[in-house]
Amino acid sequence: MKWNNIIHTIIFLSLAGPEIVGNILMLVRLVHTLTLGTEKKPVGIILIHLAFSNIIIICTTGIRDIATVFYFRNFLGDIGCKVVVFLARMAWGLSICTTCLLTVVQAVTISSRTTLWTKLKPRTSWQVLQFLLFFWNVNVLISSNLLCYVKSGNGLNSSVPGAYIGHCYMMPSRHTVKWLFLSLMILRDVIFQSLMGWSSGSMALRLYEHHKRVLYLHSSRCVHNSPPEIRATWSVLILMTCFLFFYWADFILSFYTGFIVTHDSILLNIKTFLELGYAGFSPYVLISRYIHVPNVLHAH
């Protein structure tokens, strides 16, 4: 192994280990809470789905990197490459959609109890499951082209045009197919990130109003003991900010490396960090600021 590969392996293992542990802890804690509760809370279902999506991202990225760094030529065949790359792309899309749903639900929860907001708020687990099923259908459709055009890098002529995705190889497709699926991805990201922006602005306004009310009351007890809904709102805002940071940083770096066609090891290590960053950081935000509050789920 080259030194670059050793450094890449160390970086990956140092990220993937705590990330897997964090998501499993969050998953177990939420399942335990929902199992013991007499009523299934919609927000708990959303957080479980987010943790599940994160685990898929980490595992598929890990399999791809291990096959690449350790030169396991026979580790992934054509079917293995299709499955790993497809699941990674789909799980990333599910993470976008689930984070958006969590942000919108939290914004609706702390908004005024008007008839419109009441109708928008999911009140049962079945309503949330319908959203999640829709997300799965959308992201399976958007990622379905990978099942046709991704192949193993073994035995391919280096002169064949295309792009490597770790150990796997993305074969060139017709321009119509390429731009169709690219347009669907862009449309998905624009819609869900716009909803995140709207809901974040709504939550920020509510937090500002709450802050002014606390200052007006001049009560230290109110300052230091904010309601569970307010603490949960801060957690969701931090989570959304982290998501946008990792998303746009990865997008800019991917665009840059694709434009100059570079395989610089430092940039590849940074890209690995950005790909795993949100999946690993989000469970610790939720564990420290969201899940540990016993009454937060009951507020929803």
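Values quoted throughout were computed directly from the atomic coordinates according to the rules given, and no laboratory measurement underlies them. Note that the structure is predicted; figures quoted are calculated from it, not measured. So basically every Cβ, Gly included, is an ideal-geometry build from the backbone, and we count neighbours across all protein chains shown.
General observations
- Taking 27 Å as the limit for the C-alpha separation, the pairs Lys121/Lys271; Lys121/Lys178; Lys82/Lys121; Lys151/Lys178; Lys41/Lys82 exceed it in the case of Lys121/Lys271; Lys121/Lys178; Lys82/Lys121; Lys41/Lys82.
- Among residues other than Leu101 with Cβ under 15 Å from its Cβ, the summed charge is +3 (Lys and Arg +1, Asp and Glu -1).
- Local net charge near Ile142, Cβ-Cβ under 12 Å (Lys/Arg +1, Asp/Glu -1): +1
- Annotation: the residues Thr124, Thr98, Thr176, sorted from fewest to most other C-beta atoms within 10 Å of their own C-beta, follow the order Thr176, Thr124, Thr98.
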